[in-house]
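Report on one structure; see the data block that follows.
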Amino acid sequence: MLLEGFLALNPPQGFRAELVEGEIVVTSPPDGDHEKYISRIVRQVIKHSGTDMDFSENKGLRLRSGDACPENHVIPDVIFAPLASDLFGGAGPWMPLDDVAMVVEVTAGNLRKDRELKRRCYARGGVALYLLLDRDTAQTTLFGSPGKDDYREHHTRPLGRPVTLPAPFAFELETTDLL
């Protein structure tokens with residue numbers, strides 16, 4: 001019943017609705033700094049990645065959930081996938097995780113959602129890399145090696161210090177212009 005009600009939602013333009021661990025979460029449109037962070041990351045990945053990457057902003061993903069909750073439906077700020085996979089071509093509004101190389105979230109509003117709930121959803125779904133830019137703590141954390149309910153590895157750096165992205169990206173993401 002919860003999943004059907006969620007899928008029938010029609011949030012106002014600019015808002016997004018997600019089903020995260022059995023809870024419907026509605027997020028308001030992002031502010032300019034949020035979009036600046038996203039823009040800076042996307043530009044660097046497209047320019048420097050060791051593998052040609054495609055990206056999508058605000059694309060819905062279907063992920064396994066824990067316990068008795070319905071399937072999670074989350075919308076990362078950015079999804080990166082190898083260009084050769086043509087992952088986004090022909091995809092419906094809620095697509096599976098096939099070939100997703102990394103998701104990116106920039107904190108805004110509901111900090112627990114990005115720091116904890118979505119992190120566990122991405123790990124459970126097998127997303128190889130999760131990059132979290134936490135504006136409140138002025139840090140970036142790269143999560144890797146997804147496990148059953150969380151990531152087994154994470155590396156946190158203060159904003160202004162580079163973040164080493166492993167293959168298939170294989171470059172250092174600069175964060176100095178995010179200060």
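Every read-out reported here was derived from the displayed coordinates using simple, explicitly stated rules and does not represent laboratory data. Only a predicted model underlies this, so the values are computations on that prediction, with no experimental measurement involved. Positions of Cβ are generated from backbone atoms using ideal geometry, with glycine treated the same way; all protein chains shown enter the neighbour counts.
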Over all directions, average the projected area of the Cα convex hull of the range 30-178 and note it in nm².
8.3
Sorted from fewest to most neighbouring beta carbons within 10 Å, what does the list 88, 171, 55 look like?
88, 171, 55
Using a 7 Å offset from the Cα along the Cα-to-Cβ direction at both residue 137 and residue 152, what is the distance between the two label points in nm, to one decimal?
2.2
Per DSSP loop assignment and a cutoff of at most 15 other beta carbons within 10 Å, the chain keeps its longest run without exposed GluC sites (Glu not before Pro) at 72-173
C-alpha long axis of helix 32-48 to longest principal axis of the chain, angle in °:
60
Please turn the phi angles of the range 11-25 into ³J(HN,Hα) values with the Karplus equation 6.51 cos²θ - 1.76 cosθ + 1.60 (θ = phi - 60°), one per residue in order, whole Hz, x for glycine and proline.
x, x, 3, x, 7, 9, 10, 10, 10, 10, 6, x, 10, 7, 10
Simple SL model, points at 7 angstrom along Cα→Cβ for residue 23 and residue 57; separation in nm is 2.6
Answer in debye to the nearest 20: the dipole magnitude of the range 30-178 about its Cα centre, from +1 Lys/Arg and -1 Asp/Glu charges placed on Cβ, is 300
Members of 47/113; 47/148; 36/59; 47/118 lying beyond 24 Å, as alpha-carbon distances in this model show
47/113; 47/148; 47/118
Label-to-label distance, nm, for residues given as residue 46 and residue 15 (7 Å Cα→Cβ offset):
3.0
Listing 38, 46 from the residue with the fewest other Cβ atoms within 10 Å to the one with the most, what is the order?
46, 38
Contact order normalised by length for the range 30-178, with contacts defined as Cα pairs under 8 Å and 6 or more residues apart; what percent is it?
20
Need the full-extension length gain, residue 172 to residue 112, defined as separation in residues times 0.36 nm minus the C-alpha distance. One decimal, nm.
18.9 nm
